[in-house]
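K.L.:
Dropping a structure here in structure tokens format, bear with me for questions.
The values are calculated or read from the model by the stated rules, or taken from the named source; none is laboratory data. This is a predicted model, so every value here is computed, not measured. Reconstructed Cβ throughout: ideal geometry from the backbone, glycine too, with neighbour counts over all protein chains shown. Heavy atoms of the whole protein, side chains included, go into the accessibility calculation; ligands, DNA and RNA do not. Shrake-Rupley method; radii C 1.70, N 1.55, O 1.52, S 1.80 Å.
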Amino acid sequence: MKTSAPAGPAAATGGTESKARSRGRRRAPGEPRAIGYLYILPALALYSAFLLYPFGQSVWLSLLHWDGLTRATWAGFDNYRDLLTDPALRAPFAHALLLLVFYSALPVAIGLLLAALLSRDRVRGMTFFRTVLFLPQVLAMVVVGVAWRSILAPDGLLNDTLRTLGLGSLARPWLGDYDWALPAVGLVGTWVGTGLCMVLFLAGAQRIPRELYEAARLDGAGPVREFLTVTLPGLRPQIAVALTLTIVAGLRNFDLIYITTSGGPGNTTSVPAYEVYHRAFDTNQVGSAAAIGVALTVLIFALTTAVSRLVEGRRP
């Protein structure tokens, strides 16, 4: 009959080493976590110097009445109260939210449609097609604005084409029309953003396993059902990225408005970013401009956070 060996110093040592290894597995490898923060300290210092500190200064200026030259006076929350009560300040935010249809919703919808069509079947000249659609992303927005201002001018390419086709009654000064100026600028934003969304969705569609499409076709799924059950769920991360990028681009839009309409006619195309510039440098209302900038930052943060929660399904 065998008997177990008595526990000795070796067994005790083995138990101690086992506990040490267990603690080592629970602990992150490498240096202590406190040392890790030193590696991000330079980037954090730059981020604080060029982003957090200026934002804090903007918050402080938004609480003042200041023309940029004379002594400032305390305003409290008057500038923010004006954002809620003054129609001239509410209008730019309403215009920006409307432009999100053109800058975000339409590019994402068109990009999804193009990605679904191009990823389903092989298309000749795919590289050329993607390059042409993505080209607006590599152009400076100032260049885009100057080009489209020429196209949409009363004697521009668009009106000349309409007259050539016998549709001269549709010609109009697109950027000078009170009803059409904002949609005209918005369609330029759609043209710029569609290529980015399409490239993102095509890249995401290539990562979806082909077996899922084959299984859907074996189940009798048509193109629409295949898109809704396979492609769309597989593109959720890319949709979140596309919505975030296009929403930010739409809300911070300044250069295109400045080049094409300068907020006109009247203030029908004024947006918050342009209003910040106009009030700070044209009318010397620095405190009001800072309040608009802070409100715009909060709006962008709220919308992008909502997109992240809803599209990617993250829990707070």
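Quick grid of which residues meet (1) more than 26 Å from the chain's Cα centre (by Cα); (2) outside the structural domain of G293 (by TED's automatic domain parsing); (3) assigned to a loop (DSSP other than H, G, I, E, B):
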residue	(1), (2), (3)
I40	no, yes, no
L44	no, yes, no
S48	no, yes, no
L51	no, yes, no
P54	no, yes, no
Q57	no, yes, no
W60	yes, yes, no
L69	yes, yes, yes
A88	no, no, no
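K.L.:
Right, here's the next one. Which condition from (1) touching a residue at least 24 places away in the same chain (Cβ under 8 Å); (2) within 22 Å of Q206 (Cα to Cα) is the one that F128 breaks?
P.N.:
The failed condition is (1).
K.L.:
State all residues of region 242-271 that are open to solvent by 30 Å² or more (accessible area, probe 1.4 Å), over 18 Å from the mean Cα position of the chain (by Cα), within 18 Å of L152 (Cβ to Cβ) and of a type outside the set (V, I, T); if no residue qualifies, say none.
P.N.:
Y258, S262, G266, listed by residue number.
K.L.:
Can you give me the number of residues within region 135-176 that are under 17 Å from Y103 (Cα atoms) and hydrophobic (A, V, I, L, M, F, W, C)?
P.N.:
Residues flagged as under 17 Å from Y103 (Cα atoms) and hydrophobic (A, V, I, L, M, F, W, C) within region 135-176 amount to 8.
K.L.:
Any idea which of T304, T297, T246 is in the same structural domain as A94 (by TED's automatic domain parsing), out of contact with any Ser or Thr (no Cβ under 6 Å at 6 or more places or on another chain) and at pLDDT 85 or above?
P.N.:
Going through T304, T297, T246 in turn, the sole match is T297.
K.L.:
Regarding region 62-82, can at least one residue be identified that is in contact with a Pro (Cβ under 7 Å, 6 or more places away or on another chain) and in contact (Cβ under 8 Å) with a residue 40 or more places away in the chain?
P.N.:
no
K.L.:
Working only within region 135-160, note down all residues that are in contact (Cβ under 8 Å) with a residue 24 or more places away in the chain and either of a type in the set (S, T, N, Q) or under 22 Å from R236 (Cβ atoms) (or both).
P.N.:
Hit for region 135-160 is Q137, nothing else.
K.L.:
Would you confirm, using the coordinates I've provided, whether L299 is over 24 Å from S62 (Cα atoms) and either open to solvent by less than 20 Å² (accessible area, probe 1.4 Å) or in contact with a helix residue (DSSP H, G or I) (Cβ under 8 Å, 6 or more places away or on another chain) (or both)?
P.N.:
In short, no.
K.L.:
Here are L218, L212: which of them is free of Cβ contacts under 8 Å to residues at least 40 places away in the same chain and surrounded by 14 or more Cβ atoms within 10 Å (Cβ to Cβ)?
P.N.:
None of the other options fit; the residue is L212.
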